[in-house]
1. Run residue 217 past the list (1) farther than 15 Å from residue 163 by Cα; (2) in a helix (DSSP H, G or I) and report the number of the one that doesn't hold.
2. Would you point out which residue out of 227, 208, 193 is in contact (Cβ under 8 Å) with a residue 40 or more places away in the chain and either more than 30 Å from residue 69 (Cβ to Cβ) or more than 18 Å from the chain's Cα centre (by Cα) (or both)?
3. It is to be established whether one or more residues within region 38-47 are buried (at least 21 other Cβ atoms within 10 Å of the Cβ) and either over 18 Å from the mean Cα position of the chain (by Cα) or modelled with pLDDT under 70 (or both).
4. Could you go through region 199-212 and let me know if any residue there is modelled with pLDDT under 95, surrounded by fewer than 16 Cβ atoms within 10 Å (Cβ to Cβ), more than 17 Å from residue 158 (Cβ to Cβ) and in contact with a helix residue (DSSP H, G or I) (Cβ under 6 Å, 6 or more places away or on another chain).
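The values are calculated or read from the model by the stated rules, or taken from the named source; none is laboratory data. Only a predicted model underlies this, so the values are computations on that prediction, with no experimental measurement involved. Cβ placement follows ideal geometry from the backbone for every residue including glycine, while neighbour counts extend to all protein chains displayed.
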C-alpha cells in the first residue's frame with residue numbers, strides 16, 4: 001500500500017542527472033530552440049545528482065511507488081495506480097513513480113534537501129526511473145491563475161537505454177495534455193493524474209513489448225487501453 005504522509009515532503013528521490021533534468025523536465029517556458037529549463041530545475045539538478053552514484057547499484061529495497069501528500073487522488077485511484085506501477089516494474093523492470101508533494105516545497109531548496117536524505121531510498125528512484133511530479137501550483141503574482149499540474153522526468157540512464165524511442169516530446173506532450181489548466185479544470189486533478197500516469201505506463205510497456213516502437217507524442221486513449229489490457233490492467 002502507498003503511504004500518505006502528513007509531514008511536508010517532496011517525494012522526488014535522488015538519481016536524476018543534470019542532463020536528464022535539462023532534457024527530460026517539463027519546462028516552465030519555451031525558448032526559440034525548444035523547452036527552456038526552469039529556475040527550479042536548475043537547482044534541483046545538483047541536489048538530485050548527489051546521491052545518484054550511491055543509489056545506482058542498490059537493489060530495490062522498498063515497495064513505495066506512489067505518494068500523495070496532499071490527497072489529490074481518490075482512494076480508488078490510488079489503489080489502481082499502485083497496482084499499475086507495481087505491475088509495470090514487475091513485468092518490465094522499468095520504474096515509474098508518482099509523487100504528489102505538499103504545496104510549495106519543491107520551490108524551496110533547503111526544505112527539499114532536508115526531506116531528501118531520509119526518504120530518498122523509499123521510492124528507489126535512480127538514473128533509470130521516470131518520475132511524475134504533480135502539485136497544484138499558482139502564479140506568484142496572480143495566485144488565482146493555476147500553473148501546469150504536473151511535470152514528467154526521465155533519468156538519463158533510461159534515456160540512453162531507449163535513446164530516440166523514449167522521447168522528450170512524449171513526456172512533454174503527456175504532461176501538457178493532461179496537466180494544462182483548462183484540462184484540469186474540466187477533469188479535476190485526480191483524473192488528470194490518473195490519465196497521465198496510464199499514458200506514461202502504457203508507453204513504457206510498449207517499449208519492452210516492441211523493440212521498434214517509438215513515441216513522439218502522448219498516446220491516444222484507445223491505444224493506452226489496449227496496451228494496458230494486454231498486461232491485465
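1. Against the list (1) farther than 15 Å from residue 163 by Cα; (2) in a helix (DSSP H, G or I), residue 217 comes up short only on (2).
2. 208
3. Yes, region 38-47 contains a residue that is buried (at least 21 other Cβ atoms within 10 Å of the Cβ) and either over 18 Å from the mean Cα position of the chain (by Cα) or modelled with pLDDT under 70 (or both).
4. no
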